1. Mean Kyte-Doolittle of at least 0.0 and a Cα length of 15 Å or more along the axis: which whole DSSP H helices of the chain meet both?
2. Could you point to the residue in 113, 166, 123 farthest towards the positive end of the chain's charge dipole, with +1 and -1 charges on the Cβ of Lys/Arg and Asp/Glu respectively?
3. Assuming 0.36 nm per residue, please report the length gained on full extension of the stretch residue 158 to residue 183 beyond their Cα-Cα distance.
4. Give the residue from 25, 14, 43 lying farthest towards the positive end of the charge dipole for region 1-47; charges sit on Cβ (+1 for Lys and Arg, -1 for Asp and Glu) and the dipole is referred to the Cα centre.
5. What does the accessible area of residue 110 come to, in Å² to the nearest 10, when a probe of 1.4 Å is used?
6. Would you mind computing, in nm to one decimal, how far apart the modelled labels at residue 27 and residue 129 are, each placed 7 Å from Cα along Cα→Cβ?
7. Determine which lysines satisfy two conditions relative to residue 16: a Cα distance under 16 Å, and not lying fewer than 8 residues away in the same chain.
8. To the nearest 20 debye, what charge dipole does the chain have about its Cα centre, counting +1 at the Cβ of each Lys and Arg and -1 at the Cβ of each Asp and Glu?
Amino acid sequence: MVIALKEDLRRELLGKRLSVSHEEVCALSLLVGQRFVATEEFADAERMALYCGFKNEVLTDHIFSEAKRQGKTLYYPRVDTEGLTFHRVDSLKELSPGSHDIPEPSTQNHSMPPEELHCIVIPGVAFDIRGARLGYGKGYYDRTLKDTGARKVALAFDFQVVDFIPLQSWDVRVDCIVTEKRIIRV
Ligand code: ADP
Ligand code: MG
């Protein structure tokens, strides 16, 4: 039941996200990025995990540049069999297409356990205002973030915030959702 409901929501929201033009994705992503870099979650994070925007996810270029400018250390995820591992990235040139074609750092890049990150920036398919998150359905973030004390910040276009996403026992909620229109603190 719940799984079917999640699957329907995933299909609907992924469809909506894919229908947004590239220009719109760039323009809205800049607004999301500007909003996020003005938060205390960003200011307080010395070691921060980002992600590389893929398939019309919110793009993180502005956040990357601003974080580098402020001397923060950045980490990007790699898909592992179990979940995600985070590796230090100093230049976006260090990313190359890996699992599912998503640009990833190499295993040679120094890795950092999620417990030692201050803030983890997370993409998603949809969120609700309780911080429930719908991903691609593989549970990678759920597995990886279940024990971390890092602040979990989701980036989303405002249409990705929906009324209700069913939570299952393993689902990890995010602490904050930043969209082009608002910041939702859970
Ligand atoms: P997503 O979060 O990507 O939307 P789901 O929450 O539907 O995906 O989870 C997908 C699968 O991942 C589920 O079958 C679930 O059993 C598995 N999963 C999630 N978290 C864990 C975990 N901590 N340990 C083992 N399996 C997990
Ligand atoms: Mg989940």
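The values are calculated or read from the model by the stated rules, or taken from the named source; none is laboratory data. Bear in mind the structure is a predicted one, so any value in this text is a computation, not a measurement. Cβ: placed from backbone, ideal geometry, glycine included. Neighbour counts: every protein chain shown. These accessible areas exclude ligands, DNA and RNA; they are computed on the full protein's heavy atoms, side chains included. Shrake-Rupley method; radii C 1.70, N 1.55, O 1.52, S 1.80 Å.
1. 22-37
2. Toward the positive end, the furthest listed residue is 166.
3. Details: separation 25, 0.36 × 25 = 9.00 nm, distance 0.99 nm.
Gain in length upon complete extension: 8.0 nm.
4. Value computed over the given set: 14.
5. Per-residue accessible area (residue 110): approximately 120 Å².
6. Inter-label distance under the simple model: 2.7 nm.
7. Excluding near neighbours in sequence, the set is 6, 55.
8. It works out to roughly 120 debye.
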